[in-house]
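Report on the following structure.
The values are calculated or read from the model by the stated rules, or taken from the named source; none is laboratory data. This one's a predicted model, so the numbers in the text were calculated from it and none came from an experiment. In this analysis, Cβ positions are derived from the backbone assuming ideal geometry, glycine residues included, and neighbour counts consider all displayed protein chains. Surface accessibility is based on the protein's heavy atoms, side chains included, excluding ligands, DNA and RNA. Shrake-Rupley method; radii C 1.70, N 1.55, O 1.52, S 1.80 Å.
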Amino acid sequence: MVGLTGYGGYVPNLRLNRKVVASTHAWIAPNLMGKGKGERSVGNWDEDAVTMAVEACRDCLGDDDDRSHIDALYFASTTMPFADRLNSGIIASALTLETGTQAVDVANTQRAGTSALIEALNKVEAGGASHALVVASDMRKARAASAQELDFGDGAACFTVGKDNILAEFVGSHSVTHDFVDHFRGDHEEFDYNWEERWVRDEGLAKIVPEAIQGVLSKTGVAPGDINHIVMPCLFPRVPQSIAKTCGLNPEALHDTLAAVAGDTGAAHSSVLLAKALETAKAGEKILVLHFGQGCDALIFSATDKINSFSPRHGISGWLAHRREETNYMKYLTFRGLIEWEKGMRAEKDNKTALTTLYRNNDMIMGLVGGRCTETGVIQFPRSRISINPNNPTVDTQEPYKFAEKVGKILSWSADALTFSMAPPNHFGMVTFEEGGRIMMDITDVVPGEVESGMDVRMVFRIKDVDEQRGFKRYFWKAAPAELSAGAQSQAAE
Amino acid sequence: MASGIKDKVAILGMGCSKFGERWDANPEDLMVEAYLEAMQDAGIDATQLDAAWFSTHIDEVGTGKGGTPLSMALRLPNIAVTRVENFCASGSEAFRGAVYAVAAGAADIALAVGIEKLKDTGYGGLPVANPGTLTPQVAPNGSAPGNFAQLASAYRAKHNVSKEDLKRAIAHVSVKSHDNGAKNPKAHLRKPVTEEQVINAPMIAEPLGLFDCCGVSDGAAAAIVTTPEIAKSLGKGDIITVKAMQLALSNGLESQHNSWDGSYFHTARVAAKKAYAEAGISKPREQVSMMEVHDCFSVTELVTMEDLFISPEGGAVKDVMDGFYDSDGQVPCQIDGGLKCFGHPIGASGLRMLYEMYLQLLGRAEERQLPNPSIGMTHNLGGSPSTNVCSVCIIGAHDA
């Protein structure tokens with residue numbers, strides 16, 4: 001028996017008000033006014049598919065920073081930051097996974113998330129890995145005044161796959177493949193190109209998805225009426241209901257697509273919906289997962305009696321509740337690089353990254369690993385040959401010590417309006433950790449007035465700088481408020 | 001036990017260029033300006049110089065690397081020129097090199113020149129630094145004001161000072177310096193400001209507004225040092241000698257160990273203690289006549305008053321508001337206008353501070369002249385509160 005042994009997710013806290021966007025475009029695209037409802041999730045400027053994936057994995061893996069049991073990692077996305085650099089390798093480094101972990105990128109289709117999940121389930125079932133981590137994440141760009149700009153959202157979800165302590169048993173899957181191009185994004189293109197919606201709906205979704213559903217039902221012997229939960233990303237309202245009816249499924253079993261509160265998170269979306277469905281699934285219930293994209297993947301899971309024994313750190317529901325309304329459309333355009341803006345000369349700083357230095361210090365930079373003196377117990381960041389202990393500077397006594405899952409406290413801080421920042425003023429400060437150690441670091445996901453000495457912060461893996469000249473992104477850890485607040489207002493919206 | 005530097009070295013002459021936005025001047029012009037004044041003051045010619053120390057911090061603008069920019073600009077007679085760099089304390093480092101050379105007997109007369117030409121970047125504030133290959137991958141994205149502003153949040157938390165009270169106290173620090181700078185023809189900023197102006201100025205890095213930050217300017221300063229005996233033989237009457245010269249550097253304690261609370265400068269306290277011991281000063285609050293401290297930001301000056309043991313721990317806000325450091329206060333601070341009004345051409349600032357102490361001790365400070373000062377102290381800091389170098393230098397009359 002193989003199945004899901006854990007789940008988690010991540011939705012960035014900025015929620016762009018769609019009415020504001022649609023109203024801005026009403027003069028040129030009045031047809032979009034109908035979509036001007038609800039809100040979509042928007043990653044901060046320092047987030048991308050990789051950083052959101054790391055957050056989702058941490059949400060799934062929890063507080064324990066011993067991840068040595070993970071021996072396979074699958075990362076699915078259509079917006080990987082690197083075309084040639086193992087993106088899942090970045091995630092593996094950030095999570096301090098063992099170097100013996102097989103890391104695989106699965107890309108180039110909306111159903112990359114389900115395809116990665118099927119691969120992981122099959123691999124573990126076949127004994128090729130014992131504990132696989134599967135994460136899907138997407139942060140798609142869309143042209144201003146396009147329907148996609150309003151439909152899309154940013155987010156990620158993660159599962160652990162194993163043979164013990166299964167929460168949801170893998171019953172079976174079926175995939176169909178058609179070179180049906182409802183949309184495409186060419187190599188080196190930033191945006192999708194979409195064909196007529198009516199054709200996509202009638203010739204694509206309405207025919208291809210049922211083929212996959214019928215395939216998985218007949219393969220597994222599960223009766224349509226036994227399906228209790230259906231998750232199916234779909235941008236067309238009512239289409240999933242009609243497909244469900246066609247296939248003899250109960251339309252009531254369909255889960256909400258989160259269109260009103262987050263938008264469609266691309267290759268991550270079936271995973272996001274599944275991770276949310278698992279929060280409320282009951283033992284014995286069957287879950288059908290569908291994801292359309294040049295064909296369709298269909299998977300069936302059956303919740304076990306252990307389903308309630310697990311909860312993610314926050315889960316999709318927790319992250320959805322942790323929202324900051326954003327009514328400044330320009331901020332979204334700026335964060336996604338969709339507008340040329342005057343950054344000032346301070347932004348001309350060369351952000352070339354010495355890859356030798358990066359590799360030499362990989363666990364420090366990517367994993368936020370410092371040192372702990374085995375003689376004195378003094379904890380420090382970074383690790384060094386001679387200890388920082390003022391009274392006993394021991395030599396060569398330090399073992400790696402992980403800071404990423406520790407909660408820190410702000411000792412001192414400032415909001416810096418002089419330095420170049422994508423989200424000025426740039427907050428940064430000295431973060432101290434209760435067990436020991438301190439790091440002067442950037443503070444993200446805050447607006448002026450929110451930071452004060454003594455505030456608790458959690459560590460988040462984010463983009464540090466973008467080297468636009470060479471197309472490289474560097475990542476490091478930042479501090480973010482430890483408390484997930486609900487309903488905060490963005491300052492720029494005031 | 002080292003015998004210390006006290007009274008082993010005398011200042012033979014000093015010079016200081018006009019500081020400011022010197023659109024008219026190349027770095028070489030500024031060096032020459034300070035040098036010629038110092039040479040005239042010393043009453044010697046270049047052939048009498050045995051060695052020189054040259055401080056400049058930023059390679060990206062200004063003179064470029066090495067000692068040759070100084071040697072070439074001044075047409076020095078092929079003597080040794082050592083370029084030194086130690087963040088914003090570089091100027092004091094040039095002085096230290098020259099003083100040590102004389103004290104060691106390796107040179108009879110040595111020259112120290114500090115320079116920075118900052119206003120060739122095209123934007124305000126200090127040039128953006130590119131510090132090595134590891135630091136940019138992990139260090140936060142903060143400017144100098146952002147780094148020093150951190151003192152305020154930590155100081156407020158430690159001493160339970162309200163945001164408003166601290167903001168007013170640091171405003172007074174700037175008001176006092178502007179009052180002084182207005183009387184100094186070599187200062188860059190020469191307009192008095194009010195506390196309200198300072199408090200309401202645009203925010204640069206919370207809680208530091210525009211007037212909480214020192215200016216950014218071009219400038220150079222120079223010192224010529226020798227032994228007291230040679231100074232006398234050259235006909236000098238009032239001999240000003242070095243009483244103490246200490247430098248303390250962070251070793252990572254502040255940035256990596258939780259024993260530091262972020263509200264003070266660990267290095268300044270170490271350097272000040274050593275300097276007082278070297279100079280034989282036991283009650284600095286009474287014995288120091290005046291000082292020039294590293295007021296890169298108003299809050300830096302405020303906490304430094306405690307780090308130099310002039311104000312008691314937690315007492316700087318009261319002393320500042322009481323006018324203790326004003327020009328008519330007990331220990332006038334930044335009597336020349338400080339970095340606040342001179343701006344901070346990095347390699348020059350330490351020497352510029354000494355220049356004012358030297359003028360005051362000789363009674364040559366004109367409108368700013370204090371009544372009978374005997375001991376002048378400079379405090380020259382470089383880096384950030386959590387990682388820095390701090391120089392403390394004390395000079396005074398040879399017989400003081």
| task | Output yes when any residue across the stretch B:151-173 is touching a helix residue (DSSP H, G or I) at 6+ places or on another chain (Cβ under 6 Å), of a type in the set (G, A, S), within 10 Å of chain A (Cβ to nearest Cβ) and over 29 Å from B:Y355 (Cβ atoms), and no when none is. | result | yes
| task | Could you list, in sequence order, all residues of the stretch A:390-414 that are open to solvent by less than 10 Å² (accessible area, probe 1.4 Å) and either in a strand (DSSP E or B) or at the interface with chain B (Cβ under 9 Å from one of its Cβ atoms) (or both)? | result | A:G408, A:I410, A:S412, A:S414
| request: Check every one of the helices (runs of 4 or more DSSP H) wholly within the stretch A:86-192 and list those with 3 or more residues that are touching a residue at least 12 places away in the same chain (Cβ under 8 Å), of a type in the set (A, V, I, L, M) and closer than 22 Å to A:G8 by Cβ. | output: A:87-94, A:112-125
| request: Please work out which residue is farthest from the other protein chains (Cβ to nearest Cβ), limiting yourself to the stretch A:340-366 and to residues that are of a type in the set (S, T, Y) and surrounded by 14 or more Cβ atoms within 10 Å (Cβ to Cβ). | output: A:T353
| field | Residue tally, condition surrounded by 16 or more Cβ atoms within 10 Å (Cβ to Cβ) and either at the interface with chain A (Cβ under 9 Å from one of its Cβ atoms) or among the aliphatic types (A, V, I, L, M) (or both), over the stretch B:113-123 | value | 4
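Here's the yes/no breakdown for (1) surrounded by 20 or more Cβ atoms within 10 Å (Cβ to Cβ); (2) closer than 26 Å to B:N86 by Cβ; (3) more than 14 Å from chain A (Cβ to nearest Cβ):
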{"residue": "B:L253", "(1), (2), (3)": "no, yes, no"}
{"residue": "B:F265", "(1), (2), (3)": "yes, yes, no"}
{"residue": "B:V303", "(1), (2), (3)": "yes, yes, no"}
{"residue": "B:E306", "(1), (2), (3)": "yes, yes, yes"}
{"residue": "B:D326", "(1), (2), (3)": "yes, no, yes"}
| query | surrounded by fewer than 24 Cβ atoms within 10 Å (Cβ to Cβ) and part of a helix (DSSP H, G or I), is that true of A:A83? | reply | no
| Which residue out of B:S263, B:S255, B:S259 is touching a Ser or Thr at 6+ places or on another chain (Cβ under 6 Å) and either more than 25 Å from B:R368 (Cβ to Cβ) or not in a helix (DSSP H, G or I) (or both)? | B:S255
| request: Look through B:P185, B:P131 and report the one residue that is at pLDDT 95 or above, farther than 30 Å from B:G315 by Cα, part of a loop (DSSP other than H, G, I, E, B) and open to solvent by 20 Å² or more (accessible area, probe 1.4 Å). | output: B:P185
| task | Please enumerate the residues belonging to the stretch B:101-124 that are more than 18 Å from the chain's Cα centre (by Cα) and in contact (Cβ under 8 Å) with a residue 24 or more places away in the chain. | result | B:A101, B:V102, B:A103, B:A106, B:A107, B:D108, B:I109, B:A110, B:K119, B:D120, B:T121, B:G124
| task | Restricting attention to strands (runs of 3 or more DSSP E) lying wholly within the stretch A:1-63, give those where 1 or more residues are assigned by TED's automatic domain parsing to the domain that holds A:D105, under 28 Å from A:A126 (Cα atoms) and touching a Gly at 6+ places or on another chain (Cβ under 8 Å). | result | A:3-10
| said: Against the conditions (1) under 16 Å from B:A139 (Cα atoms); (2) open to solvent by 30 Å² or more (accessible area, probe 1.4 Å); (3) facing chain B (nearest Cβ under 7 Å), where does A:R383 fall short? Just the number, please. | reply: (3)
